[in-house]
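Please treat every number below as a calculation from the coordinates, not as lab data. Just so it is clear, the model here is predicted, and its values are computed rather than measured. Cβ coordinates were reconstructed from backbone atoms using ideal geometry, including for glycine residues, and neighbour counts include every protein chain displayed.
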Amino acid sequence: MVLDADITAPPAVVWDFLNDPTRRGLWMAGTQWSSADRVNGRTGPGARNHCAHGKNETAIETVLDWKPFDYVTVKQAPDEKKYITMTQRLIPSADGRSTHLHFTIQGNMGKLPNFIAKQMLRYFMRSTHFPESVARLAQLVNHQAAGAAPPAGFTFATAAGGSNFATSIG
């Protein structure tokens with residue numbers, strides 16, 4: 001699965017919203033993120049985050065590769081047999097004031113045949129409303145980049161104002 005969004009903020013700002021567990025909860029609806037293990041006290045390869053979502057559902061996220069402001073690759077797993085691997089690549093605009101965000105997501109659904117596993121991954125990504133979460137991310141970052149704090153009770157529209165958003169699930 002591939003997902004892309006254009007965000008009107010520099011890569012460093014987008015990076016912070018993608019990787020700060022507290023900020024992730026702002027744009028990933030229905031999730032609560034927290035830091036877990038940190039290698040040498042810092043985020044980098046081997047660092048782990050914890051995600052609580054749904055009714056008694058959790059996942060551990062492990063950072064596999066980390067190049068700040070360029071890309072991060074993580075493995076999210078509810079257990080050892082099922083997981084998704086996601087690379088989030090940030091591509092700055094020519095003037096450095098906006099970012100093209102490119103997600104590549106692959107999964108392993110255990111011992112299921114590949115054609116069924118692909119269908120399950122598509123279903124999982126749709127059922128967790130991940131494309132809508134990325135649109136909320138774009139809207140939140142764009143709002144901050146404009147110098148305004150979100151008002152109390154701020155809710156996000158599905159389409160991110162000021163952002164182009166595309167997804168390909170196939």
So what's the net charge close to V72: Lys and Arg +1, Asp and Glu -1, counting the other residues with Cβ under 15 Å from its Cβ?
+3
Euclidean distance between Cα centres, the stretch 1-57 to the stretch 64-141, Å
11 Å
Within the under-13-Å Cβ sphere about A145, not counting A145, Lys/Arg +1 and Asp/Glu -1 give a net charge of -1
May I ask you to compute the full-extension gain from H50 to M120, defined as 0.36 nm times their residue separation minus their alpha-carbon distance, rounded to one decimal in nm?
23.0 nm
Most to least packed among 13-25, 93-105 [average Cβ atoms within 10 Å]:
13-25, 93-105
Local electrostatic count at A9 - Lys and Arg +1, Asp and Glu -1, tallied over other residues with Cβ under 11 Å:
-1
